[in-house]
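Chemist: Before we start, here is the structure in question, set down as structure tokens.
Please treat every number below as a calculation from the coordinates, not as lab data. This one's a predicted model, so the numbers in the text were calculated from it and none came from an experiment. Positions of Cβ are backbone-derived with ideal geometry, glycine not excepted, and every protein chain shown enters the neighbour counts.
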Amino acid sequence: MVGDEHIAMIPATPNRIWKAEVNGQEYEVLAPSNSILLDVLRDKVGTLGVKRGCDMGTCGCCAVMIDGVPRLSCLTMASEAEGRSVTTVEGLSDGAHLAPIQQCFTEHGGSQCGFCTPGFLITSQALLNNNSNPTDSEVACAIEGNLCRCTGYQQIIESIQAAAAIHRGEVESNPPVSDAHPDPHPSGPDGPVSPSGQES
Ligand code: FES
Ligand code: FES
């Protein structure tokens, strides 16, 4: 039988409304007051491009921009981003058309896996927003907090320099090859179809 003696549980953290602009759109979501920005972005806002790699500030996968400044969302309290402008990798493109940094990562082999690439793109864009003519060592310095466990960084640096040339107006950004294809299943996949002559 359970007696009166028990250890009091720590009370749950109260929820509160978190408000910020994410990728140009205003969001108001309910989240625990001690939330980490990474959790709010992934679990409440739905920007799944923000990746949880190490969850301890060593990989750069979770990088976002807050008012244009790159930050590790796994080490940032959501409250620090309240009322501010947050940019995730989803916010770099112009609708269906890639930003120059995304286009150049694709063309120059800078795109690696889906975990490290979003962080590289955010950090690179933040660099180019402030310096469209970086040296290779400035590029290397900017991305030193973004780790890829699999390959080298040369193609990533080349991709960033190619995007820098577009930002400087020396090279034209490629026009989109075609308009984005419409979603063939806008309301989800069709149900299974039985072969003709058979009851489903
Ligand atoms: S998940 Fe934030 S630095 Fe690795
Ligand atoms: S960690 Fe992404 S390709 Fe290496």
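Chemist: ³J(HN,Hα) across the stretch 119-136 via Karplus (A = 6.51, B = -1.76, C = 1.60, θ = phi - 60°), whole Hz, x for Gly/Pro?
Modeler: Result, rounded to whole Hz: x, 4, 4, 5, 5, 5, 5, 4, 4, 5, 5, 9, 8, 8, 9, x, 7, 4.
Chemist: Pulled fully out, how much extra length does the chain show between Glu107 and Glu21, if you take 0.36 nm times their separation in residues and subtract their Cα-Cα distance?
Modeler: My answer for the length gained is 27.9 nm.
Chemist: Still on this structure, I have one more. Provide the per-residue ³J(HN,Hα) series for the stretch 162-172, in order, calculated from phi with Karplus coefficients 6.51, -1.76, 1.60 and θ = phi - 60°, each as a whole number of Hz, with x at glycine and proline positions.
Modeler: Working through the residues one at a time gives 5, 5, 4, 4, 5, 4, 7, x, 7, 10, 7 Hz.
Chemist: Once Rh is set to the Kirkwood radius over Cα pairs, what Stokes-Einstein translational diffusion coefficient, in µm²/s, holds for the stretch 92-172 at a temperature of 25 °C and a viscosity of 0.890 mPa s?
Modeler: Taking Rh from Cα pairs, D becomes 198 µm²/s.
Chemist: What is the chain's relative contact order, in percent, from Cα pairs under 8 angstrom and six or more apart in sequence?
Modeler: Once divided by the residue count of the chain, the mean separation gives 18 percent.
Chemist: Counting only helical runs of four or more DSSP H residues, what would the 222 nm mean residue ellipticity of the chain come to if each run contributes -39,500 (n - 2.57) and the total is spread over all its residues?
Modeler: -6500 deg cm²/dmol
Chemist: Treating the chain as a set of equal point scatterers at the Cα positions, no solvent, please give the Debye-formula log₁₀ I(q)/I(0) at q = 0.09, 0.14, 0.15 Å⁻¹.
Modeler: -0.45, -0.86, -0.95
Chemist: Of Asn130, Thr87, Ala99, whose Cα points farthest to the positive end of the dipole of the chain (charges on the beta-carbon: +1 Lys, Arg; -1 Asp, Glu; origin at the Cα centre)?
Modeler: Result: Asn130, furthest along the dipole toward the positive end.
Chemist: Can you list residues whose amide H is under 5 Å from Trp18's amide H, if they're 5+ apart or on another chain and H is modeled 1.01 Å from N?
Modeler: Close amide H contacts, sequence-distant or interchain: Val29, Leu30, Ala31.
Chemist: For labels at Ser93 and Ser137 in the simple 7 Å Cα→Cβ model, what's the distance in nm?
Modeler: In this crude spin-label approximation the distance works out to 3.7 nm.
Chemist: Take Met9, Met77, Met56, Met65 and order them by how many other Cβ atoms sit within 10 Å, fewest up front.
Modeler: Met9, Met56, Met77, Met65
Chemist: For the chain, which span is the longest to avoid every loop-located (per DSSP) member of trypsin sites (Lys or Arg not before Pro) having at most 11 other Cβ atoms inside 10 Å?
Modeler: Segment 1-148 is the longest.
Chemist: Spelling out what I want: for every residue of the stretch 85-90, take phi, set θ = phi - 60°, compute 6.51 cos²θ - 1.76 cosθ + 1.60 (Karplus), and round to whole Hz; glycine and proline get x.
Modeler: Along the stretch 85-90, the couplings run 9, 10, 10, 10, 4, 5 Hz.
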